[in-house]
Amino acid sequence: MGATVVDETLTLLGRGRGVWQGWELSGWLGVLHDQPAAAVGAAGGLGQVAIRAELSIRDENDDLAVRGAIGVDSRLDLFDRDFYFSIEYQHDDLGASDAAGLLRAASSDAFVRGELQTLSQDVAATQVSYQLHPLWGTDLLVLWSLTDQSALVSSGASYSASNEVTLRAGLFVGLGDGAATSPNVIPSEYGITPTLVYLSASLFF
């Protein structure tokens, strides 16, 4: 696959933000990479649950591209310990609609410009963490491609050895089709991820 060259483009946006009944509302409108585009967003809460959402539309090669995300998160007291969870769904018309389009998405102008968070058109994410002990914590993150049914699972545990030292161990595991049938095919977004185990130490001064 050859290198992708992205030409210079014009981006000129006007932004606005305000608060209404405890909700932060935002939006922008203008020209994004030479094409008309607009977006709206909202962030607020219902009870102990925080809610955020954003929707943008743009003209992409004479097609209307819709990009959006919605998520919720909260921190709760569970058995006298902190429990945190976050759930998010993202749709991006600039991503691949099936596994056959993953390589095309990876070589697109949007990807080269750093606009794509994922290659898949539809992705869900879940993150949970729990304080097992004042010194011990554990967490789990799952990224699930609804496009090709692959997933990236990350789990870890941390230990506060002192006020200045935190130790952590964890792993990353890719689930899904990882067998490429040719050099020009990405079988799945996360299935090609090798298993990785790591140990780390953080020092604070």
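Restricting to segment 61-88, what's the tally of residues that are over 16 Å from the mean Cα position of the chain (by Cα) and basic (Lys, Arg)?
The initial filter retains those residues of segment 61-88 that are over 16 Å from the mean Cα position of the chain (by Cα), namely 61-66, 74-84.
Okay, now just the ones that are also basic (Lys, Arg), so 75, 81.
Residues that pass the stated criteria total 2.
So, Phe111, is that one touching a strand residue (DSSP E or B) at 6+ places or on another chain (Cβ under 8 Å) and either within 28 Å of Leu146 (Cα to Cα) or in contact (Cβ under 8 Å) with a residue 24 or more places away in the chain (or both) or not? Show your work before the answer.
Details: touching a strand residue (DSSP E or B) at 6+ places or on another chain (Cβ under 8 Å): no; either within 28 Å of Leu146 (Cα to Cα) or in contact (Cβ under 8 Å) with a residue 24 or more places away in the chain (or both): yes.
When the stated conditions are applied, Phe111 does not pass them.
Taking Ala105 as meeting all but one of (1) buried (at least 17 other Cβ atoms within 10 Å of the Cβ); (2) closer than 21 Å to Ser188 by Cβ; (3) touching a residue at least 24 places away in the same chain (Cβ under 8 Å), write down the number of the exception.
Against the list (1) buried (at least 17 other Cβ atoms within 10 Å of the Cβ); (2) closer than 21 Å to Ser188 by Cβ; (3) touching a residue at least 24 places away in the same chain (Cβ under 8 Å), Ala105 comes up short only on (3).
Look at segment 27-60 and say how many of its residues are over 20 Å from the mean Cα position of the chain (by Cα) and of a type in the set (Gly, Ala, Ser).
6
From the list Thr166, Thr138, Thr118, exactly one residue is within 29 Å of Arg75 (Cα to Cα), buried (at least 17 other Cβ atoms within 10 Å of the Cβ), of a type outside the set (Gly, Ala, Ser) and more than 17 Å from the chain's Cα centre (by Cα). Which is it? So that I can check it myself, show each step before the final result.
Working: Thr138 fails: buried (at least 17 other Cβ atoms within 10 Å of the Cβ); Thr118 fails: more than 17 Å from the chain's Cα centre (by Cα).
On inspection, the qualifying residue turns out to be Thr166.
Just checking, how many residues over segment 141-156 are crowded, with 17+ Cβ neighbours inside 10 Å and at positive phi?
Here the count works out to 0.
Taking strands (runs of 3 or more DSSP E) that fall entirely within segment 124-205, which contain at least 2 residues that are closer than 20 Å to Asp82 by Cα and at pLDDT 95 or above? If you could, list the steps in order and put the result at the bottom.
Values: elements: 136-145, 151-160, 165-175, 196-203.
Result: 136-145, 151-160, 165-175.
Within segment 90-147, count every residue that is within 15 Å of Glu60 (Cα to Cα) and among the aromatic types (Phe, Trp, Tyr).
So the answer is 1.
For Arg17, only one of the following conditions fails: (1) farther than 16 Å from Ala69 by Cα; (2) modelled with pLDDT of 95 or more; (3) surrounded by 12 or more Cβ atoms within 10 Å (Cβ to Cβ). What is its number?
Only one criterion is unmet by Arg17, namely (3).
In this structure, is Ser200 surrounded by 15 or more Cβ atoms within 10 Å (Cβ to Cβ) and polar (S, T, N, Q)? Before you say what the answer is, go through the steps one by one.
Details: surrounded by 15 or more Cβ atoms within 10 Å (Cβ to Cβ): no; polar (S, T, N, Q): yes.
For Ser200, the condition - surrounded by 15 or more Cβ atoms within 10 Å (Cβ to Cβ) and polar (S, T, N, Q) - is not met.
Find the residue count for segment 169-179, including only residues that are under 19 Å from Leu199 (Cα atoms) and surrounded by 15 or more Cβ atoms within 10 Å (Cβ to Cβ). Give the derivation first.
Our first condition is that a residue be under 19 Å from Leu199 (Cα atoms); within segment 169-179, this holds for 169-174.
Now drop any that are not surrounded by 15 or more Cβ atoms within 10 Å (Cβ to Cβ), which leaves 170, 172-174.
Residues meeting the conditions: 4.
The values are calculated or read from the model by the stated rules, or taken from the named source; none is laboratory data. It should be emphasised that the depicted structure is a prediction, and the values quoted were computed from it without experimental measurement. Methodologically, a virtual Cβ is constructed for each residue, glycine included, from the backbone with ideal geometry; neighbour enumeration extends over all protein chains shown.
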